[in-house]
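The values are calculated or read from the model by the stated rules, or taken from the named source; none is laboratory data. Since this is a predicted model, take the numbers as computed values, not measurements. Cβ placement follows ideal geometry from the backbone for every residue including glycine, while neighbour counts extend to all protein chains displayed. The area values use the complete protein model at the heavy-atom level, side chains included, leaving out ligands, DNA and RNA. Shrake-Rupley method; radii C 1.70, N 1.55, O 1.52, S 1.80 Å.
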Amino acid sequence: IPLAGLIDLSAEKTRLSKEIAKIESEIKKCENKLGNANFVANAPAEVVTQERQRITDWSTQLGTLREQMRKLG
């Protein structure tokens, strides 16, 4: 679908960049929690599982955003 003239590419790239940075930060937070042996040892199993799922979800979303950015050039 040709989008020339319909969207501001610069603004969209800026928006995507901010969203990518936010998600990368969230992934890093989750990885830091899971990298902490005390957290993994002391947190309930469902919390640890939830953090692992969050990484998976954020990573999927990150891949989608990076693909959108790539398509914009």
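Round to a whole number: what % of the accessible area of the chain belongs to carbon and sulfur, probe 1.4 Å?
The nonpolar share, carbon plus sulfur, comes to 55 percent.
Give a residue-ordered list of calculated ³J(HN,Hα) values for the range 65-70 (Karplus: 6.51 cos²θ - 1.76 cosθ + 1.60, θ = phi - 60°; whole Hz; x for Gly, Pro).
Each residue of the range 65-70 in turn: 5, 5, 5, 4, 4, 4 Hz.
Relative to the Cα centre, what is the charge dipole magnitude of the chain, using +1 at the beta carbon of each Lys and Arg, -1 at the beta carbon of each Asp and Glu, and rounding to the nearest 20 debye?
Taking the Cα centre of the chain as origin, the dipole is about 160 debye.
Straight distance only, please: which aspartates and glutamates reach the Cα of residue 28 with their own Cα at less than 12 Å, same-chain residues fewer than 8 apart left out?
51
Hey, can you find the accessible area per residue of the chain for me, probe 1.4 Å, expressed in square angstrom?
73
Can you list the aspartates and glutamates whose alpha carbon is less than 13 Å from that of residue 18, not counting same-chain residues fewer than 8 positions off?
Candidates past the 8-residue exclusion: 26.
If the chain between residue 26 and residue 47 were fully stretched, how many nm would it gain, using 0.36 nm times the residue separation less the Cα-Cα distance?
6.0 nm
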